[in-house]
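Taking it in order: structure first as structure tokens, then the write-up.
The values are calculated or read from the model by the stated rules, or taken from the named source; none is laboratory data. None of these values were measured; they are calculated from a predicted model. All Cβ positions, glycine included, derive from the backbone under ideal geometry; neighbour counts span all protein chains shown. These area figures cover heavy atoms from the full protein model, side chains too; ligands, DNA and RNA do not enter into them. Shrake-Rupley method; radii C 1.70, N 1.55, O 1.52, S 1.80 Å.
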Amino acid sequence: AAVRSKKSYFYAQYHRLVRRLGKKKAIVAVAHSLLIVIYHILKDKLPYHELGADYFDRLNLTHIKRHHIKRLEGLGYKVTLEPLEAAA
């Protein structure tokens, strides 16, 4: 169920891992993460803080930019980035 609820960290983690590991191993990895989170919630008596589905995107923003620029250049495009505020 955690994998199917969109806008959650576990949804993003599953979709990130399924490409590399396959469906069954990705589910086990997410279940393992859930167990670790539950353990820490019970041990520390703190509420759960949802990181969000865009957690991995925010974590590696420069890596994602570089990756997509290289992909587009590999397809034969010349890429120039400018911030959204300047483009509007």
Does at least one position in the range 39-52 carry a residue that is modelled with pLDDT under 95 and at positive phi? yes
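Scanning the range 32-53 for residues that are surrounded by 13 or more Cβ atoms within 10 Å (Cβ to Cβ) and part of a helix (DSSP H, G or I), which turns out farthest from the chain's Cα centre (by Cα)? Working first, answer last.
Applying the first criterion (surrounded by 13 or more Cβ atoms within 10 Å (Cβ to Cβ)) to the range 32-53 yields 33-34, 37, 41, 51-53.
Filter again for part of a helix (DSSP H, G or I), leaving 33-34, 37, 41.
On the way: Ser33: 14, Leu34: 15, Val37: 17, Ile41: 22 Å.
Checked the range 32-53; the qualifying residue farthest from the chain's Cα centre (by Cα) is Ile41.
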Does Ile27 count as surrounded by 15 or more Cβ atoms within 10 Å (Cβ to Cβ) and in contact with a Phe, Trp or Tyr (Cβ under 9 Å, 6 or more places away or on another chain)? yes
Say whether the condition of being in contact with a helix residue (DSSP H, G or I) (Cβ under 8 Å, 6 or more places away or on another chain) and β-branched (Val, Ile, Thr) is met by at least one residue in the range 40-55. no
So which residues in the range 1-15 are in contact with a helix residue (DSSP H, G or I) (Cβ under 6 Å, 6 or more places away or on another chain) and either in a helix (DSSP H, G or I) or within 23 Å of Ile64 (Cα to Cα) (or both)? Val3, Tyr9, Phe10, Ala12, Gln13, Tyr14
Six or more apart or on different chains, Cβ under 6 Å: which pairs go from a residue in the range 22-48 that's within 16 Å of Ala2 (Cβ to Cβ) to one that's of a type in the set (Phe, Trp, Tyr) and open to solvent by 80 Å² or more (accessible area, probe 1.4 Å)? Could you list them? Ile41/Tyr48
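Answer yes or no: is there a residue in the range 54-63 that is at negative phi, basic (Lys, Arg), open to solvent by 60 Å² or more (accessible area, probe 1.4 Å) and modelled with pLDDT of 90 or more.
In the first step, residues of the range 54-63 are kept if they are at negative phi; the result is 54-63.
From what is left, the residues that are basic (Lys, Arg) are 58.
In the following step, the residues that additionally are open to solvent by 60 Å² or more (accessible area, probe 1.4 Å) were identified as 58.
From the residues that got through so far, the ones that are modelled with pLDDT of 90 or more too are none.
No: zero hits.
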Tell me which residues, restricted to the range 16-31, are of a type outside the set (A, V, I, L, M, F, W, C) and in a helix (DSSP H, G or I). Arg16, Arg19, Arg20, Lys23, Lys24, Lys25
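Tell me, which residue of the range 64-88 that is among the small types (Gly, Ala, Ser) and assigned to a loop (DSSP other than H, G, I, E, B) is least open to solvent (accessible area, probe 1.4 Å)?
Gly76
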